[in-house]
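Colleague: Supplied in structure tokens, the structure appears directly below.
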Amino acid sequence: MISTQGSPQTRDDSVPTPADVEAPAGDVAGPGDGAPARPEEPGAAAVPASAPAPVSAPEPVPVSAPVSPPVGPAAAEAPKGRRRIGVLLVVALLAFLVDFGSKLLVVARLENHSAIKVIGDVVTFQVIRNSGAAFGMGQALTVVFTMIASAVIVVIWRIARRLYSLPWAIALGLLLGGALGNLTDRLFRSPGVFRGHVVDFISVQHFAVFNLADSAIVCGGILVVLLSFRGSNPDGTVHQQADKGEQADKGE
């Protein structure tokens, strides 16, 4: 069989075919043709086409310096908690109701009757009309003591506007309730308005005759004295703290 040159039957490996001829130097095969990739320039960084954009680092958040507590007038204006007017009113109302109820009871059951012995002859219950102050003092100054009781009530109410201390609220509540109890007697009992006699019924041997309103006043007064000695103020501050604040203001 006679075959032409370059056919598969008579191909000679020593004879190059057109496909084996090297392509020209200017023709560069693309990456899709299976040709080797073009070498990169030295020193150039390879950046993939799909690489995300560089993210900048978050800026540091400035940290503020700790704020020192206010001293002096600023500390006085700082809130001291809840006001205790409600506690004062509740204590005053209880003291007034207990005193008022006890007086109604003893006047109805004991007045014009013999004394009732509670602890032998040491403590007895007997009704006595008192025109003076607590414990029967100053019986000729009924109107004066009525005005004093009214002034005490006004002062307590003014203090209550800046009342933040619970012990002070209890003490002032006892004072207010006791003052209202005795003032009610002076206003509405005989012999007349501002001259009414207070009902006393607790008699202690060798001491005095008093009522529960007097007891509330005495207990409230003792508590006020103790709180004052401890340096406590009705607004919840302490005397020593106030002094330090004043010294700090003078040093500035």
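Colleague: Just wondering, is there one or more residues in the range 185-206 that are surrounded by fewer than 20 Cβ atoms within 10 Å (Cβ to Cβ), over 16 Å from F145 (Cβ atoms), over 33 Å from the mean Cα position of the chain (by Cα) and of a type in the set (A, V, I, L, M, F, W, C)?
Modeller: yes
Colleague: What is the residue count in the range 127-151 for residues that are modelled with pLDDT of 65 or more, open to solvent by 50 Å² or more (accessible area, probe 1.4 Å) and not in a helix (DSSP H, G or I)?
Modeller: Number satisfying all stated conditions: 2.
Colleague: Report the residue count in the range 207-231 for those that are surrounded by fewer than 18 Cβ atoms within 10 Å (Cβ to Cβ), touching a residue at least 24 places away in the same chain (Cβ under 8 Å), under 19 Å from S165 (Cβ atoms) and of a type in the set (G, A, S).
Modeller: Within the range 207-231, residues that are surrounded by fewer than 18 Cβ atoms within 10 Å (Cβ to Cβ), touching a residue at least 24 places away in the same chain (Cβ under 8 Å), under 19 Å from S165 (Cβ atoms) and of a type in the set (G, A, S) number 1.
Colleague: Taking the range 160-184 only, how many residues are surrounded by 15 or more Cβ atoms within 10 Å (Cβ to Cβ), in a helix (DSSP H, G or I) and in contact (Cβ under 8 Å) with a residue 40 or more places away in the chain?
Modeller: 17
Here's the yes/no breakdown for (1) modelled with pLDDT of 90 or more; (2) open to solvent by less than 100 Å² (accessible area, probe 1.4 Å); (3) polar (S, T, N, Q); (4) within 31 Å of the chain's Cα centre (by Cα):
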position: G43; (1), (2), (3), (4): no, yes, no, no
position: S50; (1), (2), (3), (4): no, no, yes, no
position: E59; (1), (2), (3), (4): no, no, no, no
position: N112; (1), (2), (3), (4): no, no, yes, no
position: F125; (1), (2), (3), (4): yes, yes, no, no
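The values are calculated or read from the model by the stated rules, or taken from the named source; none is laboratory data. Just so it is clear, the structure is predicted and the values come from calculations on it, not from any experiment. Backbone-built Cβ (ideal geometry, glycine too); neighbour counts: all protein chains shown. Calculation scope for accessible area: heavy atoms of the full protein, side chains included, ligands and nucleic acids excluded. Shrake-Rupley method; radii C 1.70, N 1.55, O 1.52, S 1.80 Å.
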